[in-house]
Amino acid sequence: MPRIESRLASLGIELPQLCPPVANYVSAKRSGNVVQISGQLSSRSSGGGIKGSVGADCSLADGITAARLCAINLIAQFKAAADGDLDRVRVLRLGGYVQAGPEFFEIPTVMNGCSDLIVDVFGDAGKHARSAIGVYRLPFNFAVEVDASIEIVD
């Protein structure tokens, strides 16, 4: 079993089916060996997910879990972009958006839910640059959205 697939299995993570874009964009765009992955929401492929403003409608712990869901959805997109071979992926950057309540300031802590899982799964190839931004609203009222830039190593 490939190294990254083995790590996912040991963490008990099963990748979801890819969700198609909901508007006029593509899920991923490649230029050379760099791939930009469109934002992935804190949703579950079987429906539902974590919605609301972190710090108002849901807790910090819920926000961290939401960011982790984004990471799982991103990894599924990485796999598609790398033609099924996650061992070829290097994560360059994550851009995180947290739908935050008016008095909620732990945006970086929420994003750690995504960053920590990416590094747990990919090791050194998962260490990345990052932005963590609090926003008023996200699509469909989801709590977190994260996009990514990756490199496909030949």
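The values are calculated or read from the model by the stated rules, or taken from the named source; none is laboratory data. Fair warning: this is a prediction, and the values are worked out from it, not measured in the lab. Here Cβ is always computed from backbone atoms with ideal geometry, including for glycine, and neighbour counts include all displayed protein chains.
Just a few scattered comments:
- Residue count for region 12-63 satisfying the condition of being in contact (Cβ under 8 Å) with a residue 40 or more places away in the chain and either under 16 Å from the mean Cα position of the chain (by Cα) or under 23 Å from residue 116 (Cα atoms) (or both): 29.
- Flag for residue 123 being closer than 18 Å to residue 37 by Cα and either small (Gly, Ala, Ser) or part of a strand (DSSP E or B) (or both): no
- Top-ranked residue of region 94-120 - restricted to ones that are among the charged types (D, E, K, R) and assigned to a helix (DSSP H, G or I), ranked as farthest from the chain's Cα centre (by Cα): 120
- Residues that are in contact (Cβ under 8 Å) with a residue 40 or more places away in the chain and outside any helix (DSSP H, G or I) were ranked within region 126-142; the one that is surrounded by the fewest Cβ atoms within 10 Å (Cβ to Cβ) is 138.
- Just one of the numbered conditions (1) touching a helix residue (DSSP H, G or I) at 6+ places or on another chain (Cβ under 6 Å); (2) among the aliphatic types (A, V, I, L, M); (3) assigned to a helix (DSSP H, G or I) is not true of residue 91: (3).
- Every condition in (1) in contact with an Asp or Glu (Cβ under 9 Å, 6 or more places away or on another chain); (2) under 22 Å from residue 13 (Cβ atoms) holds for residue 101 except the one numbered (2).
- All conditions in (1) within 25 Å of residue 29 (Cβ to Cβ); (2) surrounded by 15 or more Cβ atoms within 10 Å (Cβ to Cβ) hold for residue 84, with the sole exception of (2).
- Count - residues of region 23-44 that are touching a Phe, Trp or Tyr at 6+ places or on another chain (Cβ under 8 Å) and farther than 15 Å from residue 95 by Cβ: 1
- The number of residues in region 25-75 being among the hydrophobic types (A, V, I, L, M, F, W, C), in a loop (DSSP other than H, G, I, E, B) and surrounded by fewer than 21 Cβ atoms within 10 Å (Cβ to Cβ) comes to 2.
- The set of residues from region 1-23 being farther than 17 Å from residue 80 by Cα, in a loop (DSSP other than H, G, I, E, B) and modelled with pLDDT of 95 or more comprises 11, 12.
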